[in-house]
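The values are calculated or read from the model by the stated rules, or taken from the named source; none is laboratory data. Treat the numbers as computed from the prediction; the structure is a model and nothing was measured. FYI the Cβ positions are ideal-geometry reconstructions off the backbone, even for glycines, and counts take in every protein chain you see. The protein model used for the area step is the full one, side chains on, heavy atoms only, and it has no ligands, DNA or RNA in it. Shrake-Rupley method; radii C 1.70, N 1.55, O 1.52, S 1.80 Å.
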Amino acid sequence: MDRRTILLGAGAGALVAGGYALMRPQTTPALSLLPQPANAQTSDAAAADAPQVIEMVMGDPDAPVEMIEYASFTCPHCRTFHENTLPLLKADYIDQGRLRYVYREVYFDRFGLWAGMVARCAGPERYFGIVDLIYQRQAEWTQGAPADVAENLRRIGRTAGLNNEQLDACLTDGAMAQAMIDTYEAHMAEHAISGTPAFVIAGRLHSNMSYADMSALIDEAIVAAQ
C-alpha cells in the first residue's frame, strides 16, 4: 500500500488575521510523526483495514442547523473560541436542540496530531472533556522538545483518567494516525480551509468571527430551515 504523506513540520502554522494559517513546509512520512515507534498495527496488511475515525458531534442529530468547526489544538485562536465562545454556543443553541455542532481536527504540525490521538484515546463519550483540557493547558503542553510535548500530553490524558498503557497504545497506533491524516486531507478537499478556526454554518464557509456575528448567522439559518 502506498502511504500518502502529510505536509507538516515540527512547528505550528503562521498567524493570520483572526485565525491560524495552514502552513505546509515540507512533506514528511506520516508514520514518522508519531512520538514513539509505531506498533504492529502499522503493517501494510493491517493498514488495508483502516480504523474508523469517528466524527465528533454535540447536539441533537435532528437539529435544524449544522455547524462544523475546523480547529487545530495548537492554534491560540481556537483556544480562545473554545474557552469563550463555545460555552455560549452550547447554552444558547446546542443544548436547546437548535444546532448540531461538529468538531473536525486540523493538523498544522505533529503536536496537533498527537493531541488528537490523546483526545480520541478514551472514546467519543469523553472526547470533548479531554479537548477542553488540551485547550485549557495549550500554553503549557506545547512547550519544550518533542519528547516533552508527548509527556505533557500524556499528563493531560492521565488527568482525564487514562493510564500509561492506554496512552502508549494510542500514541503508537500508526494505523489510526494514518486514518486521521487521511480524514484530515479529505476534509481539506471538501472545504477550502485557509486558517483556523473556520466554520461551516448551514453549508456556507466562514472565517473566525465574534459570537454576535455567529449567532446572527445561526438565527438566520434556523429561520430559513423552518
- For ASP219, state whether it is of a type in the set (Asp, Glu), within 20 Å of TYR93 (Cβ to Cβ), open to solvent by less than 70 Å² (accessible area, probe 1.4 Å) and out of contact with any Cys (no Cβ under 6 Å at 6 or more places or on another chain). yes
- Task: Among the residues of region 106-130, write down those that are closer than 30 Å to ASP219 by Cα and in contact with a strand residue (DSSP E or B) (Cβ under 7 Å, 6 or more places away or on another chain).
- Result: VAL106, PRO124, TYR127, PHE128
- Query: How many of the residues making up region 193-226 are in a helix (DSSP H, G or I), more than 16 Å from HIS82 (Cα to Cα) and among the hydrophobic types (A, V, I, L, M, F, W, C)?
  - Reply: 8
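Take region 124-151 and flag every residue that is on the phi < 0 side of the Ramachandran plot and not in a helix (DSSP H, G or I). Before the answer, list the steps.
Filtering region 124-151 for residues on the phi < 0 side of the Ramachandran plot gives 124-143, 145-151.
Residues satisfying the conditions are ARG137, THR142, GLN143, ALA145.
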- Residues within region 132-165 that are in contact (Cβ under 8 Å) with a residue 60 or more places away in the chain and either in contact with a strand residue (DSSP E or B) (Cβ under 8 Å, 6 or more places away or on another chain) or of a type outside the set (A, V, I, L, M) (or both), tallied: 4
- Query: If you scan region 52-76, which residues turn out to be buried (at least 16 other Cβ atoms within 10 Å of the Cβ) and either modelled with pLDDT under 95 or farther than 26 Å from PRO197 by Cβ (or both)?
  - Reply: none
- Message: Is it the case, given these coordinates, that TYR127 is in contact (Cβ under 8 Å) with a residue 60 or more places away in the chain, more than 15 Å from ARG155 (Cα to Cα) and hydroxyl-bearing (Ser, Thr, Tyr)?
- Response: yes
- Checked GLN178, GLN166 against criteria (among the polar types (S, T, N, Q), in a helix (DSSP H, G or I) and open to solvent by 50 Å² or more (accessible area, probe 1.4 Å)); the one match is GLN166
